[in-house]
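Chemist: I am attaching a structure below and will ask some questions about it afterwards.
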Amino acid sequence: MLLAIDTSTGTSVAVVDRDGASGELRCLAETGTDDTMRHAEVIGDFIREALAGAGIDRDRLSGVAAGMGPGPFTGLRVGIAAAHAFALGIDRPFVPVVSHDAIAWSRYRAGETRSLQVVTDARRREFAVSEYDGLDDDGLPVRVLGPGLAPRDEVPVARGIRFDATIVSAGAIGMLAELAFAAGRLPLAADAPLYLRAPDVTPSAGKRVLQ
């Protein structure tokens, strides 16, 4: 059973489980908002709501999964930091997942059969773009391109269907992590945020001190 968090677009928190006998994936509870400005304000309440909605205590969790982006620096780091802190607090593994992979997996699970281009808003008049070619034998999405940045009016023409996502489902993040664990395919991603660009604010080089 996993707690899952994503703040690469809006904020989403979920609790998911995979039945060991049947292999059934279930999202026990999920809450979120597509507001891209209030990640830090809502993340704590959403974690509490998801755990309460699933009716479980945090000690029953086997790990914490987090969407690693792509996403803007400020919002994305809130979810990753919260997931790392929660995993450390309960002494469970941290499981990184590429957020676009979760979107693609969710679409293919819902019945999409064509090549898929996943697009999310990267701000500054740019989109984050990844392309996929179905699911592999383990049911995991096959990413063939990206993630990368493209100006909003210069996104490459999709080979199949383009899907613009306004929020990444933490339920999909968690279920994809559960599926990868069952297939022996963890880690799915590196434990490094996919910011795609430098933060807006950088540390000052400091002033030279004259003696």
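The values are calculated or read from the model by the stated rules, or taken from the named source; none is laboratory data. Source: prediction; values computed, not measured. In this analysis, Cβ positions are derived from the backbone assuming ideal geometry, glycine residues included, and neighbour counts consider all displayed protein chains.
Chemist: Kindly check whether there is at least one residue in the range 168-182 that is surrounded by fewer than 13 Cβ atoms within 10 Å (Cβ to Cβ), modelled with pLDDT of 95 or more and not in a helix (DSSP H, G or I).
Modeler: Scanning the range 168-182, I find no residue that is surrounded by fewer than 13 Cβ atoms within 10 Å (Cβ to Cβ), modelled with pLDDT of 95 or more and not in a helix (DSSP H, G or I), so the answer is no.
Residue by residue, here is whether (1) at pLDDT below 95; (2) in contact with a Gly (Cβ under 7 Å, 6 or more places away or on another chain); (3) among the charged types (D, E, K, R) holds:
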| residue | (1), (2), (3) |
| --- | --- |
| LEU88 | no, no, no |
| SER106 | no, no, no |
| VAL118 | no, no, no |
| ASP121 | yes, no, yes |
| ARG124 | yes, no, yes |
| PHE127 | no, no, no |
| GLU131 | no, yes, yes |
| ARG143 | no, no, yes |
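Chemist: Picking from ALA170, ALA180, ALA150, ALA189, which residue would you name as being more than 19 Å from the chain's Cα centre (by Cα) and either of a type outside the set (S, T, N, Q) or within 13 Å of ASP101 (Cα to Cα) (or both)?
Modeler: ALA150
Chemist: Pick from ILE80, ILE103, ILE56: which is closer than 12 Å to LEU3 by Cβ and hydrophobic (A, V, I, L, M, F, W, C)?
Modeler: Result: ILE56 is the single residue among ILE80, ILE103, ILE56 that is closer than 12 Å to LEU3 by Cβ and hydrophobic (A, V, I, L, M, F, W, C).
Chemist: Restricting to the range 25-42, count the residues that are surrounded by 19 or more Cβ atoms within 10 Å (Cβ to Cβ) and outside any strand (DSSP E or B).
Modeler: Result for the range 25-42: 3.
Chemist: Here's another thing I want to ask about it. Might you check whether a residue that is surrounded by 12 or more Cβ atoms within 10 Å (Cβ to Cβ) and free of Cβ contacts under 8 Å to residues at least 60 places away in the same chain occurs anywhere in the range 184-191?
Modeler: So far as the range 184-191 goes, yes, one or more of its residues are surrounded by 12 or more Cβ atoms within 10 Å (Cβ to Cβ) and free of Cβ contacts under 8 Å to residues at least 60 places away in the same chain.
Chemist: I need the full set of residues from the range 158-167 which are outside any strand (DSSP E or B) and under 12 Å from HIS100 (Cβ atoms), in order please.
Modeler: Matches in the range 158-167: ALA165 only.
Chemist: Just the residues that are surrounded by fewer than 19 Cβ atoms within 10 Å (Cβ to Cβ) and either within 17 Å of GLY79 (Cβ to Cβ) or at pLDDT below 95 (or both), please, taken from the range 1-23.
Modeler: Selection gives ASP19, GLY20, ALA21, SER22, GLY23.
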